[in-house]
Amino acid sequence: MVSVLISVYNQDPSSLVHDLLIQLEDSGSPFEIILGNDASDSKFMPIFRGLEGLNGVIVFHADINLGRSKIRNTLASQAKYPYLLFIDGDAGIKSSDFVSSYLDKARADTVICGGTAYSDTAPENQDELLRWKYGVAREARPAIRRVQKPYSSFSSFNFFIPAEVFDDIRFNEKILRYGHEDTIFGIELENKNYPVIHIDNQLIHKGLETAGLFLHKTRDSVEGLVELMNSYENPDDLIKKVRLLSKYRKLRKWGLSSLLTMINKSSGKRIRKNLTGPAPSLRLLDLYKLCILNDIQG
């Protein structure tokens with residue numbers, strides 16, 4: 001008995017929904033699919049209207065953009081079944097046993113993370129290359145790697161959770177900037193001792209942003225991380241568990257923050273040119289994040 005909750009913003013989830021329906025109907029288990037239209041552009045309305053007519057599919061329309069945390073919490077509040085399967089709207093089904101792999105492993109107190117996959121071939125659009133390279137190198141990790149740090153490897157892109165466990169934690173709606181709701185959710189799971197297991201049950205991430213948009217989101221994410229750290233009840237705990245923060249703390253301890261300032265001033269434009277070019281370097285992306293963080297911290 002599962003409620004599939006799909007948050008959607010300016011995306012067409014039709015293929016995802018149809019593929020899920022086939023597997024859910026084959027499972028023989030009661031189900032519902034609730035789509036959360038998070039104030040998408042009006043051109044997507046015909047798509048949602050078409051999906052609303054499908055058996056077991058419900059569409060919730062938000063009047064204003066609620067954001068990544070609140071839309072998921074809202075969908076969970078509307079769900080009627082004891083297990084919740086959260087999926088992002090730009091996901092694609094990879095395997096014919098995606099649904100059954102979760103249902104077979106369902107436990108009353110355990111969170112299951114299936115993982116993320118990307119296309120094996122680079123995108124034809126060069127402008128999407130940075131996002132693809134980042135996804136392949138940093139997000140498309142097999143379960144054997146994710147399980148080494150189960151809580152910090154938590155991802156809301158594709159996970160299965162008992163409704164009672166979700167209600168005890170929920171996503172932090174104070175996080176309004178891009179990213180880090182996953183970070184806090186994983187920390188809360190660990191603090192409350194809920195088991196998190198990782199399996200190879202990946203969905204394909206199809207929504208590749210342009211390099212410019214990805215860098216904009218990256219800056220927004222770093223700025224949001226600083227705001228979160230400054231307001232977090234236990235900032236040291238957050239610093240230990242977020243790689244960017246822990247790395248920056250070491251650099252400051254070694255007196256190297258001034259070097260980051262110099263690099264940003266002398267090479268910032270060249271770094272950005274590389275990241276938006278035909279051969280983007282993920283090491284330079286890491287340096288780019290550190291420079292942003294150093295600039296914010298002063």
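Can you find a residue that is in a helix (DSSP H, G or I), surrounded by 16 or more Cβ atoms within 10 Å (Cβ to Cβ) and not assigned by TED's automatic domain parsing to the domain that holds Lys289 anywhere in segment 143-150? Among the residues of segment 143-150, at least one is in a helix (DSSP H, G or I), surrounded by 16 or more Cβ atoms within 10 Å (Cβ to Cβ) and not assigned by TED's automatic domain parsing to the domain that holds Lys289, which makes the answer yes.
Take Arg131 and decide whether it is assigned to a helix (DSSP H, G or I), surrounded by fewer than 18 Cβ atoms within 10 Å (Cβ to Cβ) and under 15 Å from the mean Cα position of the chain (by Cα). For Arg131, the condition - assigned to a helix (DSSP H, G or I), surrounded by fewer than 18 Cβ atoms within 10 Å (Cβ to Cβ) and under 15 Å from the mean Cα position of the chain (by Cα) - is not met. Annotation note: of Leu85, Leu66, Leu129, the sole residue that is without any contact (Cβ under 8 Å) to a residue 40 or more places away in the chain and under 27 Å from Arg177 (Cα atoms) is Leu66. Checked against (1) out of contact with any helix residue (DSSP H, G or I) (no Cβ under 7 Å at 6 or more places or on another chain); (2) buried (at least 17 other Cβ atoms within 10 Å of the Cβ), Tyr248 passes all but condition (1).
Condition check ((1) assigned by TED's automatic domain parsing to the domain that holds Tyr118; (2) modelled with pLDDT of 95 or more; (3) surrounded by 15 or more Cβ atoms within 10 Å (Cβ to Cβ)) across all residues:
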position	(1), (2), (3)
Gln202	yes, yes, yes
Ser231	no, no, no
Asp236	no, no, no
Gly255	no, no, no
Ile271	no, yes, yes
Leu275	no, yes, yes
Leu287	no, yes, yes
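Given segment 1-89, what helices (runs of 4 or more DSSP H) lie entirely inside it while holding 1 or more residues that are surrounded by 16 or more Cβ atoms within 10 Å (Cβ to Cβ), in contact with an Asp or Glu (Cβ under 9 Å, 6 or more places away or on another chain) and not assigned by TED's automatic domain parsing to the domain that holds Gly179? So the answer is none; nothing clears 1.
The values are calculated or read from the model by the stated rules, or taken from the named source; none is laboratory data. Keep in mind that what you see is a predicted model, and the values were worked out from it rather than measured. For neighbour counting, all protein chains shown are included, and Cβ atoms are generated from backbone atoms with ideal geometry for every residue, glycine included.
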